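Here the structure is laid out as structure tokens; the discussion comes afterwards.
The values are calculated or read from the model by the stated rules, or taken from the named source; none is laboratory data. Predicted, not measured: the structure shown is a model, and the values here were computed from it. All Cβ positions, glycine included, derive from the backbone under ideal geometry; neighbour counts span all protein chains shown. Heavy atoms of the whole protein, side chains included, go into the accessibility calculation; ligands, DNA and RNA do not. Shrake-Rupley method; radii C 1.70, N 1.55, O 1.52, S 1.80 Å.
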Amino acid sequence: MKKISKKVWIAVAVVVAILIAWSLFSGEKKESKVTFDTAKAEKTSISTSITATGTIEPVTSVTVGTQVSGIVSHLYVDYNSVVKKGQVIAELDRTNLISELNAQKASLASAQSSLNYQQSNFERYKTLYDKGLVSADEFESARLQYQQAKEQVAQSRESVQRAQTNLGYATITSPIDGVVLSKSVEEGQTVAASFNTPELFTIAQDLTNMRVIADIDEADIGGVKEGQRVTFTVDAFPDDSFEGAVTQVRQQATTESNVVTYEVVISAPNVDLKLKPGLTANVTIYTLEKNDVLAVPAKALRFQPNEALLQKGETIEDCEGRSKVWTKEGNVFKAHKVETGTTNGVMTEILSGIAPGTEVLTDFNISGGEMGMPEQQATNPFMPRPGNRNRAGQGQGQNSNGGGQAPRRQ
């Protein structure tokens with residue numbers, strides 16, 4: 001067999017290439033198919049919220065201490081004991097306090113005796129002075145001694161009163177109705193009140209009425225107001241959701257690691273006593289809530305048809321307006337000027353422009369095409385091109401993207 005020349009091989013390759021090109025361009029082209037996602041304008045609730053963490057604590061708690069030093073002789077309560085206002089919860093040893101009281105009473109009796117003598121002496125000198133039998137200097141000296149004796153009696157009475165009060169402090173009573181949360185001493189322990197007041201007990205007034213102290217970031221605090229609804233959870237009861245309300249926004253800032261936070265007080269009703277002091281609460285504060293308002297998905301306000309690649313017979317009817325939504329009525333894309341209200345980035349309130357139940361366009365899908373282009377790589381023919389950017393991003397500038405290639409925000 002003769003060897004085939006190089007020119008023959010080249011001729012064969014050219015013929016094959018021509019046949020392939022003819023088969024590609026002479027065959028029937030497959031048209032792209034465009035479908036649309038729609039959503040109904042309907043009544044719903046719109047809310048925005050912020051999250052934070054906080055600590056659960058009683059609304060009112062009192063630390064009970066003692067103003068006198070001594071040995072704890074008796075304890076009448078323990079952890080979780082229910083106490084009433086005025087109930088004796090502990091006693092200190094009274095031996096030294098009683099001795100101090102008796103000493104002060106003896107000093108008072110001595111001062112009173114001295115006063116009686118100085119009073120009689122003053123009256124005698126006054127009689128003699130009136131008759132001219134003693135000098136004025138002697139009379140004034142007697143009166144001064146009498147005055148000093150009266151002051152000494154008054155001082156001794158105060159000392160007796162102070163000793164009596166200190167003796168009373170040896171009996172420690174509950175200042176409020178409540179529950180004992182903590183106990184810091186045991187019987188036989190010595191407490192010293194020389195420099196500060198020793199803490200003996202912590203009593204919570206009402207565990208059915210708790211509160212959450214939440215730390216809110218400075219970026220979110222501007223939206224927090226008193227009266228806003230709050231929900232929160234605790235790790236101890238992960239399946240339960242608790243509700244409360246903002247009762248106070250404190251003005252003092254706390255800075256830690258260059259992060260500025262503000263304390264927000266949240267009511268936490270605790271009728272079933274599930275919430276315990278010290279639990280960590282995961283808080284959601286609803287800074288905006290509007291119920292039963294007409295709304296559409298926020299991405300419907302960003303949908304914008306374009307004449308590029310419209311299907312056969314389809315047209316566009318645009319309108320003037322900063323905010324608009326689109327409907328497809330047959331082969332016509334029709335714009336509706338709307339007035340928008342509040343938004344949470346997902347749903348936007350519609351104040352006027354469309355009726356409830358109107359189906360608005362929110363997204364598109366492209367399938368098929370001449371070369372069978374995958375949907376993920378298809379170019380959206382209904383989003384604005386660089387030459388038509390003035391229509392992009394109309395609406396409220398929401399946080400959620402509308403699918404496909406998102407329009408640039410102006």
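Worth pointing out:
- J(HN,Hα) series, segment 121-135, from Karplus relation 6.51 cos²θ - 1.76 cosθ + 1.60, nearest Hz, glycine and proline x: 5, 5, 5, 5, 5, 5, 5, 5, 5, 5, 8, x, 8, 10, 7
- Share of carbon and sulfur in the accessible heavy-atom surface of segment 311-364 [1.4 Å probe, %]: 48 percent
- For Gln228, residues with placed amide H under 5 Å, excluding near neighbours: Val246
- Local charge for Ala142 was computed over the other residues whose Cβ lies under 14 Å away, with Lys and Arg +1 and Asp and Glu -1, and equals -1.
- A cut-off under 12 angstrom between Cβ atoms defines the neighbours of Glu123, and their net charge, with Lys, Arg +1 and Asp, Glu -1, is +2.
- Accessible surface for Asp239 stands near 150 Å², nearest 10, in the context of the full protein assembly shown (1.4 Å probe).
- In this structure, the pairs whose alpha-carbon distance is over 22 Å, taken from Lys40/Lys225; Lys312/Lys337; Lys40/Lys299, are Lys40/Lys225; Lys312/Lys337.
- Computed from phi, the 3J(HN,Hα) profile of segment 46-53 under the Karplus parametrisation 6.51, -1.76, 1.60 (θ = phi - 60°) reads 10, 9, 10, 8, 10, 10, 6, 10 Hz, with x in place of Gly and Pro.
- Distance histogram in 10 Å bins (all Cα pairs of segment 213-263, percent per bin): 21, 45, 30, 4
- Relative contact order computed over segment 255-369 (Cα-Cα under 8 Å; 6+ residues apart), in percent: 23 percent
- Accessible surface ranking that places the most exposed of Lys126, Lys290 first, with a 1.4 angstrom probe: Lys126, Lys290
- Rolling a 1.4 Å probe over the protein heavy atoms leaves Thr340 with an accessible area of roughly 30 Å².
- When nucleic acids and ligands are ignored and a 1.4 Å probe is applied, Tyr76 ends up with an accessible area of around 120 Å².
- Once backbone amide H atoms are built at 1.01 Å from N, Thr342 has Glu349 as its partners under 5 Å, excluding neighbours fewer than 5 places away on the same chain.
- The accessible surface of segment 67-132, taken with every protein chain in place and a 1.4 Å probe, is 48 percent carbon and sulfur.
- Ordered by solvent-accessible area of protein heavy atoms (1.4 Å probe), largest first, the residues His74, His336 come out as His74, His336.
- Summed side-chain charge close to Ser156 - residues other than Ser156 whose Cβ falls under 15 Å, Lys, Arg +1, Asp, Glu -1: +1
- Karplus-derived 3J(HN,Hα) values for segment 179-185, using 6.51 cos²θ - 1.76 cosθ + 1.60 with θ = phi - 60°, are 10, 6, 8, 9, 9, 9, 9 Hz; glycine and proline are entered as x.
- Under a 5 Å amide H cut-off, with hydrogens placed 1.01 Å from N, Thr38 pairs with Thr362 among residues at least 5 apart or on other chains.
- The simple Förster model, with R0 at 25 Å and r as the Cβ-Cβ distance, assigns Glu187 and Asn96 a FRET efficiency of 0.90.
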